[in-house]
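Structure first, then comments.
Derivation of every value follows stated rules applied to the coordinates shown; laboratory data play no part. No experiment lies behind these values; they were computed from the predicted model shown. Note that we place each Cβ from the backbone using ideal geometry, even for glycine, and neighbour counts take in every protein chain shown.
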Amino acid sequence: MAAVELERKRQLEDTALSLQKLLTASAHGVNPMLETALANIFKQIEVLENEAKESEHRTEQAVAAQIAEQEATLNREEKRVFAGFVEKEYFTKKDFGSLEDFYRNSWDKLTDNGKSEMSKRLHEGIVRHEYIFDELPEVIQEKDSDFLQEQKGKSAMAVIPQPEHSKNEESLQSLSNIDLSTVDLSKLSIGETNNQLPASVQNLRDAREQKTR
C-alpha cells in the first residue's frame, strides 16, 4: 500500500474509532446517523485494502513475468506456467499435479536461477507445514535433490585454494609474454648474481627453472 493510501486508511480508522466512542456514549448505544456514517467508513477502508491487494498482485505478476522471460529455452506456454509458479510465495499439495508435470517435462530447460526460484518455493511449503519432502512426487524429489547437491558442489569448489603449480603456470604464461629484446643484455656481466638481474627477467628465469624440475 502506497504512503498516501496508508495515510488515508489511518485517517479513516481514526474517524471510525471516534464514531464508535460517540455511539457507545449515546443513549442506549443507538444512533442511526452515527451507525450509517460508521458503516460507510468501514466500506471505504475495505475498498482501500482491496485496491492495495490488487496493486500488490499486479506487481507480483510483473516480476514473475520478467523472471520467466529470462528463461530463454522455455516455450511460451512453459514460461506462462513457470511465471504462475513464481507468483506463489510457496507451494501446497494442490500444486503437486502441475508441479509434477513441469518437473517432468520442463525442469531441465531452466537455468540455475530458474531452478533456484522453484526450489525456494518448494522448501517454503515444507517450512509452512503444507507437506513434507517425502510426500512430493518422486520426480520432484529427485530433481530438486540433484540440483541442491550440484549447487553444494559448486559452492565447495569455489572455496578450494588454487594449487601452487597452477599459479606458477599462470606466472610463466604471463612472463613468457615479456619482450626480451627490450632488455639491454649487454649491460649484464657473466658474474652478476641473480639479485642483480632486472626483476622481470629474474622472475621469468625462476619460473622456467621451476617448470623444468
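The mean sequence separation of alpha-carbon pairs under 8 Å and at least six residues apart, normalised by the residue count of the range 1-130, gives a relative contact order of 22 percent.
Take each peptide in 119-125, 129-135, 143-149, count the other Cβ atoms within 10 Å of every residue, and average; sorted highest first, the result is 119-125, 143-149, 129-135.
In terms of its alpha-carbon gyration tensor, the range 7-94 comes out prolate; a/c meets the 1.5 threshold, and the first ratio a/b outweighs b/c.
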